[in-house]
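Working notes for the structure below.
The values are calculated or read from the model by the stated rules, or taken from the named source; none is laboratory data. Small disclaimer: the values here were computed from a predicted structure and weren't measured. Cβ coordinates were reconstructed from backbone atoms using ideal geometry, including for glycine residues, and neighbour counts include every protein chain displayed.
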Amino acid sequence: MPGYELWGEEEKKHLNDIIESGILMRYNFESVRNNHWKAKEFEQAIQKRMHVKHVQLTSSGTTALMTALNTVGVGAGDEVILPTFTFVASFEAVLSVGAIPILVDIDETLTMDPKAVEKAISPRTKVIMPVHMCGAMADLSALKELAKKHNLLIIEDACQSFGATYKGKYLGTIGDLGCFSFDFVKTVTCGEGGAVLTNNEDYYVHADQYTDHGHDHIGDNRGAENHPYLGLNYRISELHAAVGLAQFEKLDKILSTQRKNKKALKDALQGIEGLEFRKLPDEAGDNASFLSIFLPNKESARELTRELSSKGIGNAYWFDNNWHYVRKWDHLKLLKTLAPLYKEHKELLPNYANADYSQSDAIMGKTITIPISLLWTDEDLAKKAEIIATSVKKVLAK
Ligand SMILES: *Cc1c(COP(=O)(O)O)cnc(C)c1O
């Protein structure tokens with residue numbers, strides 16, 4: 001699942017380059033950095049592999065999303081459509097720029113339902129933000145069609161799906177912009193970090209400048225650079241980028257291991273009456289960091305999560321989870337903030353507490369997700385597959 005499982009000599013080697021030079025900053029200091037540019041190198045490596053024109057690293061996935069929104073000029077009072085199943089960072093980013101998160105139902109892809117998206121489009125809508133949850137893709141063909149028809153932008157929250165593809169293209173490179181997270185539990189980690197990807201030159205220039213206080217990055221005298229507009233500091237450090245670069249070199253190994261391990265678990269569960277799998281718009285492109293299964297209902301799913309946990313099998317029951325599903329987002333529903341809200345928020349935020357998310361509830365209620373480890377031996381894998389299959393059959397037999 002996460003790259004941290006593969007921590008090793010490669011990370012130490014790249015880190016050591018930076019520790020020896022002592023230049024922890026990604027910009028400038030040309031004469032003393034021994035030609036180490038870890039952030040730049042990591043950006044170029046992503047760019048090359050993912051066939052995308054521009055990559056801007058950031059301090060986190062959250063700031064990548066905030067940057068992407070700023071990059072396209074989305075702010076106060078604009079609406080951004082996103083799914084009820086995501087990590088809180090997706091709507092936090094939207095709120096942070098003064099925009100209005102419009103939550104829509106998911107379908108059995110565990111990502112936004114294009115029909116629900118179409119219903120939610122209003123004159124204020126600027127962006128559709130699909131979230132490619134748990135390693136796999138939203139129905140991007142349908143969403144792109146909608147975006148085109150209604151003249152909207154797509155910002156992919158691909159934070160959980162690094163290395164995954166859809167119809168041969170990398171997630172994060174298919175919308176107008178894509179965002180990745182390299183936090184500690186993601187497919188590839190920097191410790192903390194993120195990235196914004198785009199094929200649009202203007203968006204890239206905005207992202208490059210916005211993440212560094214608006215610095216135009218022209219010339220080699222940082223203090224003399226200009227500031228075409230206001231920005232913030234969402235820079236990644238060279239230490240974090242060094243880790244990411246080492247991890248990135250392991251991406252093929254990460255993907256092939258996850259895919260092998262996930263397939264073994266899935267094969268062991270095939271054909272069990274009453275059990276279904278998450279629907280994947282392009283199964284071959286799944287990064288395979290998680291296996292999600294559907295039980296007949298909430299009761300059987302709750303029973304399975306208890307059964308698996310008691311047998312030491314890591315699993316998530318998102319319906320009861322505080323961070324990833326709308327049901328427990330009380331801080332959003334009650335608008336608990338430390339500081340006063342934007343005027344636009346007071347006027348325009350929907351009443352999330354009263355919204356009908358019954359379609360999402362029905363799906364989340366029956367979903368169990370099992371994280372796929374990179375460290376399982378063949379023996380572990382066989383044992384786990386056996387325990388999971390037995391547990392599922394036991395729960396379904398009741
Ligand atoms: C992890 C994550 C983020 C935020 O990334 P951070 O690097 O932790 O800030 C955003 N969206 C989703 C779906 C995530 O899983």
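So the values come out like this:
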| read-out | value |
| --- | --- |
| Qualifying residue in the range 156-164 (condition: within 13 Å of the ligand (Cβ to nearest atom), in contact with an Asp or Glu (Cβ under 8 Å, 6 or more places away or on another chain) and over 21 Å from residue 72 (Cβ atoms)) | yes |
| The range 228-284: number of residues that are closer than 20 Å to residue 189 by Cβ and among the acidic types (Asp, Glu) | 3 |
| Qualifying residue in the range 220-227 (condition: touching a helix residue (DSSP H, G or I) at 6+ places or on another chain (Cβ under 7 Å) and within 16 Å of the ligand (Cβ to nearest atom)) | no |
| Exclusive hit being within 16 Å of the ligand (Cβ to nearest atom) and buried (at least 17 other Cβ atoms within 10 Å of the Cβ), set 318, 323, 376 | 318 |
| Test: residue 256 is part of a helix (DSSP H, G or I), at pLDDT 95 or above, loosely packed, with under 15 Cβ neighbours inside 10 Å and polar (S, T, N, Q) | yes |
| Test for residue 188: is it farther than 27 Å from residue 78 by Cα and either more than 11 Å from the ligand (Cβ to nearest atom) or part of a helix (DSSP H, G or I) (or both) | yes |
| Among the candidates 79, 92, 41, residue that is under 27 Å from residue 235 (Cα atoms), in the same structural domain as residue 190 (by TED's automatic domain parsing), within 12 Å of the ligand (Cβ to nearest atom) and surrounded by fewer than 24 Cβ atoms within 10 Å (Cβ to Cβ) | 92 |
| Complete set of residues in the range 99-146 that are touching a helix residue (DSSP H, G or I) at 6+ places or on another chain (Cβ under 9 Å), surrounded by fewer than 20 Cβ atoms within 10 Å (Cβ to Cβ) and without any contact (Cβ under 8 Å) to a residue 40 or more places away in the chain | 115, 118, 142, 145, 146 |
| Number of the exception - residue 108 against (1) away from the ligand (no atom under 15 Å from the Cβ); (2) more than 23 Å from residue 348 (Cα to Cα); (3) part of a helix (DSSP H, G or I); (4) in contact with a strand residue (DSSP E or B) (Cβ under 9 Å, 6 or more places away or on another chain) | (3) |
| Some residue of the range 198-205 being assigned to a strand (DSSP E or B), in contact with an Asp or Glu (Cβ under 8 Å, 6 or more places away or on another chain), under 21 Å from residue 245 (Cα atoms) and within 10 Å of the ligand (Cβ to nearest atom) | no |
| Unmet criterion (only one of (1) without any contact (Cβ under 8 Å) to a residue 60 or more places away in the chain; (2) surrounded by 13 or more Cβ atoms within 10 Å (Cβ to Cβ)) for residue 355 | (1) |
| Condition met for residue 307 (more than 26 Å from the chain's Cα centre (by Cα), under 30 Å from residue 383 (Cα atoms) and surrounded by 12 or more Cβ atoms within 10 Å (Cβ to Cβ)) | yes |
| Test result for residue 230, more than 14 Å from the ligand (Cβ to nearest atom), assigned by TED's automatic domain parsing to the domain that holds residue 79 and in contact with a Cys (Cβ under 9 Å, 6 or more places away or on another chain) | no |
| Residue within the range 168-177 that is surrounded by fewer than 19 Cβ atoms within 10 Å (Cβ to Cβ) and either within 30 Å of residue 11 (Cα to Cα) or touching a helix residue (DSSP H, G or I) at 6+ places or on another chain (Cβ under 9 Å) (or both) present | yes |
| Test for residue 325: is it more than 22 Å from the chain's Cα centre (by Cα), in contact (Cβ under 8 Å) with a residue 24 or more places away in the chain and under 30 Å from residue 81 (Cβ atoms) | no |
| Subset tally (residues that are in a strand (DSSP E or B) and within 17 Å of residue 288 (Cβ to Cβ)) for the range 137-179 | 3 |
| Selected residue (criterion: farthest from the ligand (Cβ to nearest atom)) from residues of the range 47-66 that are part of a helix (DSSP H, G or I) and buried (at least 24 other Cβ atoms within 10 Å of the Cβ) | 66 |
| So residue 246, is it outside any loop (DSSP other than H, G, I, E, B) and farther than 30 Å from residue 367 by Cβ | yes |
